[in-house]
Structure formats: structure tokens, C-alpha cells
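The values are calculated or read from the model by the stated rules, or taken from the named source; none is laboratory data. Computed from a predicted model, the values in this text were never measured in an experiment. We place every Cβ from the backbone using ideal geometry, glycine too, and count neighbours over all the protein chains shown. Quick note on the areas: whole protein, heavy atoms, side chains included, nothing else; ligands and nucleic acids left out. Shrake-Rupley method; radii C 1.70, N 1.55, O 1.52, S 1.80 Å.
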Amino acid sequence: QVQLVESGGGLVQAGGSLRLSCSASGLTFSKYTMSWFRQAPGEEREFVATDKWSGGPTYSADFVKGRFTISRDDAKNTVYLEMNSLKPEDTAVYYCAADLRGSGSRQWNEYDYWGQGTQVAVSS
């Protein structure tokens, strides 16, 4: 049984930082592209960043470039999202997702597995 469990969310002031973690089990982690998405109330789920199974550069949405960094530790079956210079508009539920040998798609419906999400709230 595959499980993705996010942690690290919380309430932070604008300009602050958070580090999200997503721990995976029940799958061969190194064969999965891991990505982060987010969803704000009343909004569609949107792509944040991806770290492909095959290595190479990571990719992030334009609105987080220079502020958020995705990384993975295959030995720990964990993917991280380091978030700096947080803004109130970053407030959302953040989800990690896994795509077997994925290309790093920005389309949420191309992913095989999802975590339950972790809430991030940024106050002004």
C-alpha cells in the first residue's frame, strides 16, 4: 500500500520560511518523479515544483522561482520543499505527488499517488 505523508506546514509571517517534507512508503521511491502542488480555497490545484526520478535539473513554477527549492533524498524516501520569503498568496494546502518514471508534468491528473496535504498559512 502506497502512502505519501506530508509534514512541516503551519502558520508563518510574511517573509518567513518553512520546510515541507513528504515521506513515501510502499513504492520504489527512486523510480518516481516527485512533485509538489498546492491548492488555495476556491482555486484549482496548481503545480509548484518537480524533481524527476531520472535526475537532472529540478523545475519550479515561475511564481516560486528564487524562493522555493525542491529536493529529494532517495535513501530516506523523502522529498522536501524549502520555502523562503513566503507571501500571503502562498497560503494553500500543499500536496506531494508521485508519478512512476514521470516526465515532471505540471498536470495534476497525470500523477499516480497523492498525500493528504499539509496546510501552509502566511499572515501579512
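With a cut-off of at least 2 residues that are in contact (Cβ under 8 Å) with a residue 40 or more places away in the chain and surrounded by 16 or more Cβ atoms within 10 Å (Cβ to Cβ), name the strands (runs of 3 or more DSSP E) lying wholly within region 1-74. Spell out the reasoning first.
Numbers: elements: 3-7, 10-13, 18-25, 32-39, 46-51, 68-73.
In region 1-74, 3-7, 18-25, 32-39, 46-51 are the strands (runs of 3 or more DSSP E) which contain 2 or more residues that are in contact (Cβ under 8 Å) with a residue 40 or more places away in the chain and surrounded by 16 or more Cβ atoms within 10 Å (Cβ to Cβ).
Residues in region 112-124 that are in a loop (DSSP other than H, G, I, E, B) and open to solvent by 20 Å² or more (accessible area, probe 1.4 Å): 112, 116, 124. Which residue is surrounded by the fewest Cβ atoms within 10 Å (Cβ to Cβ), if the candidates are limited to region 76-103 and must be of a type in the set (Asp, Glu) and part of a strand (DSSP E or B)? Restricting to residues being of a type in the set (Asp, Glu) and part of a strand (DSSP E or B), the top hit is 82.
One line per residue, one yes/no per condition, for (1) under 22 Å from residue 122 (Cα atoms); (2) modelled with pLDDT under 95:
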{"residue": "26", "(1), (2)": "no, no"}
{"residue": "59", "(1), (2)": "no, yes"}
{"residue": "62", "(1), (2)": "yes, yes"}
{"residue": "85", "(1), (2)": "yes, no"}
